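Written below as structure tokens is the structure these notes are about.
The values are calculated or read from the model by the stated rules, or taken from the named source; none is laboratory data. These numbers were taken from a predicted model, which means no experiment stands behind them. Cβ placement follows ideal geometry from the backbone for every residue including glycine, while neighbour counts extend to all protein chains displayed.
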Amino acid sequence: MSMMDKLKQMLKGHEEQAGQGIDKAGDFVDDKTQGKYSSHVDTAQEKLKDQLGRDQDSPPQQ
């Protein structure tokens, strides 16, 4: 079982809270880097939210 699968199991039912944590972490990074990597951080946030929010049996969306 991969690390992502373990995270999904732990967060099941708490997707909204996980999303808020991802947003907060991204805002922290943006603050510390003075927004220099803002577009990269936003992309990483969205990809992580997609991974954690998607059901394990669902194929990746394209």
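Quick notes on this structure:
- Selected residue (criterion: nearest to the chain's Cα centre (by Cα)) from residues of the stretch 1-18 that are part of a helix (DSSP H, G or I) and among the aliphatic types (A, V, I, L, M): ALA18
- Listed by first and then second residue, the pairs linking a residue in the stretch 21-34 that is over 17 Å from GLY53 (Cα atoms) and without any contact (Cβ under 8 Å) to a residue 40 or more places away in the chain to a residue that is hydroxyl-bearing (Ser, Thr, Tyr) and surrounded by 12 or more Cβ atoms within 10 Å (Cβ to Cβ), with Cβ atoms under 7 Å apart and 6 or more places separating them unless they lie on different chains, are ASP30/SER38.
- Pick from the stretch 19-52, criterion assigned to a loop (DSSP other than H, G, I, E, B) and among the polar types (S, T, N, Q), ranking: nearest to LEU7 (Cα to Cα): THR33
Conditions (1) surrounded by 12 or more Cβ atoms within 10 Å (Cβ to Cβ); (2) modelled with pLDDT under 95; (3) among the aromatic types (Phe, Trp, Tyr); (4) in contact with an Asp or Glu (Cβ under 9 Å, 6 or more places away or on another chain), marked per residue:
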{"residue": "LYS8", "(1), (2), (3), (4)": "yes, yes, no, yes"}
{"residue": "LEU11", "(1), (2), (3), (4)": "yes, yes, no, no"}
{"residue": "GLU15", "(1), (2), (3), (4)": "yes, yes, no, no"}
{"residue": "ASP23", "(1), (2), (3), (4)": "yes, yes, no, no"}
{"residue": "GLN45", "(1), (2), (3), (4)": "yes, yes, no, yes"}
{"residue": "GLN51", "(1), (2), (3), (4)": "yes, yes, no, no"}
{"residue": "SER58", "(1), (2), (3), (4)": "no, yes, no, no"}
